Structure formats: structure tokens, C-alpha cells
1. Please provide three numbers in whole Å: the alpha-carbon extents of segment 103-221 along the principal axes, with the largest listed first.
2. Over segment 21-128, with the other protein chains present, what is the accessible area per residue in square angstrom, probe 1.4 angstrom?
3. What is the Cα centroid distance between segment 1-79 and segment 189-216, reported in whole angstrom?
4. Take peptides 283-294, 137-148 and line them up by average Cβ neighbours within 10 Å, highest first, as a rough protection proxy.
5. Enumerate the lysines that K3 could reach by cross-link, defined here as Cα to Cα under 16 Å, with residues fewer than 8 away along the same chain left out.
6. Would you mind calculating the relative contact order of segment 15-155 from Cα pairs under 8 angstrom and at least 6 residues apart, reporting the percent as a whole number?
Amino acid sequence: MTKIAVLGANGQVGAELCLILANHRDVEVVPVCRNRAGSAFLRYHGLRCRHGLPADPAQAAALLGDCDVVVHSALASGSPWQIRAGERSLITNCLRYSKANARIIYFSTMSVYGAYQPGDWLRWRGAYGKTKLRSERLLRTASKRQGKETYILRLGHVCGPLQNIVREIRQSIRRGEVVLTSPEGPSHTVYTCTIADAVLKIAAGKERPGTYDLLNWPEWTWSEVYAYEAQQCGVPLRVTFVPQQAPRRFRPLRLLGAPLRGVVRAARNNERVKQMILTLLAHAPRALNERAQATWYRNRAQAEIRALCPPPTPSRGIDWADEAKVYLAHLAPTRDLLNDPAFRIPPRRPESAWPADLPHAACEREG
């Protein structure tokens with residue numbers, strides 16, 4: 001029996017992962033949550049949870065000390081400084097207080113490659129991607145000192161019954177408002193069944209330590225994602241394809257007009273600013289007045305036209321930088337896993353008693 005601890009088990013990804021892992025008889029899943037309120041959903045489904053703060057050295061040994069695999073899916077919160085300190089403590093304690101031969105799995109993100117939206121000039125790595133990249137480096141350095149096998153899994157958009165992105169996708173399908181830029185555009189998605197498969201393969205010692213990109217195998221297009229979710233909804237899929245916006249050319253001379261456009265935009269959004277600008281323009285040269293007036297009328301006309309005929313907006317998606325992807329070697333095809341009952345969220349068993357401290361526990365027992 002392999003004991004797998006999941007940090008951050010009360011999150012969307014962690015909770016769904018725990019429910020899937022609990023289907024496998026050769027695995028004992030150990031959800032770790034901060035408190036009993038956070039574990040209520042999992043305990044309602046019959047999972048026994050541990051409660052405490054793994055970032056606290058005084059509690060980490062009791063939470064992780066007997067586990068063969070530690071899955072770090074927790075996300076530190078608070079100010080940027082608190083997030084950085086929390087990530088450092090979690091990583092350090094996972095390595096220091098787990099079993100001597102434990103395997104550590106860290107959930108990172110494809111955001112470490114940087115992202116862009118159509119029309120952007122540059123690809124930017126946001127604060128979340130930078131935080132994860134810094135944590136990856138810390139984990140590699142610390143794991144060498146501890147001599148433990150570590151696996152960094154860079155997740156794409158996580159899809160599954162409990163994930164927000166799937167709820168948004170299904171809502172757009174039911175409304176018939178699916179807009180995509182290309183039928184073959186890569187989605188960079190990963191279903192929770194594939195995440196669970198990766199964890200099980202690592203726990204079984206079938207994968208080598210390292211850093212991997214974890215996406216559907218083989219990778220799905222957005223058309224495939226929406227087609228699958230439409231099938232789950234039992235609704236025919238209607239898709240509108242719009243051409244992807246070409247990246248804007250960088251024109252240095254346009255920067256000269258940026259201050260004026262910014263002033264006009266501020267005046268449009270704030271009545272007080274508008275009145276102040278009108279007062280100042282009364283004392284400005286005639287040429288500047290004419291330019292400001294022309295810019296105002298043009299922007300107002302564009303806004304009115306857009307309101308009459310709003311352009312179709314592509315459905316949710318981020319284009320990550322195209323890097324040479326490194327995949328785990330033994331992943332099963334995602335479609336096969338989705339059809340496997342062992343990789344689905346099991347229905348709640350009627351014989352599972354409400355945890356005594358949950359609201360309405362007495363009502364259900366009496367009913």
C-alpha cells in the first residue's frame with residue numbers, strides 16, 4: 001500500500017485528485033488541509049483527512065512523516081512577501097520531514113514559459129509564473145541536499161468536473177457562444193485523470209525524476225476539448241471561428257500620440273477629469289484643441305459602433321510560448337483514462353456518514 005499525501009487538498013485540483021486516487025485499492029490517499037472547514041467536502045465523500053500547517057516545522061513531521069509520496073499542490077496566499085516565504089517553507093518541509101525515501105511531486109505551471117495574447121508585442125511572464133519558476137529552482141537545489149527524488153510537473157489549463165474552466169466551457173456551449181480562432185489551435189489543457197495517472201506512475205517508480213510538461217496525452221486542440229465537453233452536456237456543439245488577430249507592428253512614432261490618447265480616455269471614463277481637461281483646453285492653442293476634439297469624436301464613434309455590432313470574442317485560452325515540451329514516458333492516453341471508471345470522481349456512497357462536525361449532519365442521520 002502506497003501512502004500519498006496531497007498538500008492543498010481543499011483546492012480545486014487537489015480535491016479532484018484526491019477523489020480519483022481514492023478509487024485505487026493499492027493507494028492510501030492522505031488529504032492535508034489547514035482546518036476541518038477546508039476538508040469538509042472531502043470528508044463528506046468519505047475521505048479521512050489530516051489537518052494542520054505543513055509550512056510549520058512543528059506540524060510537518062506529523063502530517064508527512066509516514067507518506068511515501070508527497071504531492072505539493074498547495075498555493076501560498078497573502079502579500080507577495082508572504083507568498084514567497086510560504087512557498088519556501090512548504091518546499092523545505094516537504095523535503096525535510098517526509099520519509100527518507102519519499103518522492104516529492106511539485107505542481108508548477110506552463111506559465112513559467114511566459115504567455116501572450118494576440119496583438120501583444122512581447123511575451124510576458126507574470127507574477128504567478130515567476131513565483132513558480134523561483135520555487136522550481138529552490139526545489140532542485142534543496143532536493144540535492146536531501147537526496148530525494150523530485151518531480152516538477154508543469155500543468156496546463158486543468159480541466160475536470162470540479163474545475164472553473166470546465167464550468168465556463170460548458171456554459172458557453174449551452175448558450176451556443178463558442179468562438180475559437182482556429183480548429184487546430186493547441187489548448188494546453190490537462191484533465192485531472194491525466195494528473196492522477198502521472199502521480200500513480202511516479203509513485204510506482206515508473207518515471208525518472210526531472211521537470212516535465214503535463215498536458216493531455218496526446219495533446220488536444222481546443223476543438224477537441226469543446227467537442228468532448230459538448231458530449232458530456234448532451235448538447236450539439238456550435239462553433240464560430242474568427243481569424244486570429246495579427247500582432248501589431250511596433251511603431252515608435254505612435255508613442256508621440258500616446259499622452260493625448262491617454263488624456264482622452266481618462267476624460268471619457270471620469271466626468272470630473274473631463275471638466276478639468278475642458279477647462280485647460282480653453283487656454284491651449286487652437287491646433288491642440290482640434291486634435292483633442294477629433295480624437296474624442298473618433299473614439300466615441302468607435303465605441304458606439306462596437307456596442308451595435310460587438311465582435312465575437314474568442315473563448316478562454318492562453319497561448320504559452322512554444323517550447324520543446326518534455327513529457328513523462330508512461331502516460332496513458334487521456335481519452336482512455338476519461339472512459340476508465342477508476343479515473344472518474346466516484347459518486348458519493350449513501351453509506352458514508354456525514355462527518356459529525358458538518359452542518360445538517362444530524363438531519364441526514366435522522367432522515
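1. Ordered largest first, segment 103-221 gives principal extents of 53, 36, 23 Å.
2. For segment 21-128, the solvent-accessible area averages 50 Å² per residue.
3. Taking the Cα centre of segment 189-216 as reference, the centre of segment 1-79 is 18 Å away.
4. Per-residue Cβ counts within 10 Å, averaged per peptide and sorted highest first, yield 137-148, 283-294.
5. Hits, sequence-local ones excluded: K99, K201.
6. 19 percent
The values are calculated or read from the model by the stated rules, or taken from the named source; none is laboratory data. What you see is a predicted model, and the numbers here were worked out from it, not measured in a lab. Ideal geometry is used to build each Cβ from the backbone, glycine not excepted, and the neighbour counts take in all protein chains shown. Accessible surface areas use protein heavy atoms only, side chains included; no ligands, DNA or RNA. Shrake-Rupley method; radii C 1.70, N 1.55, O 1.52, S 1.80 Å.
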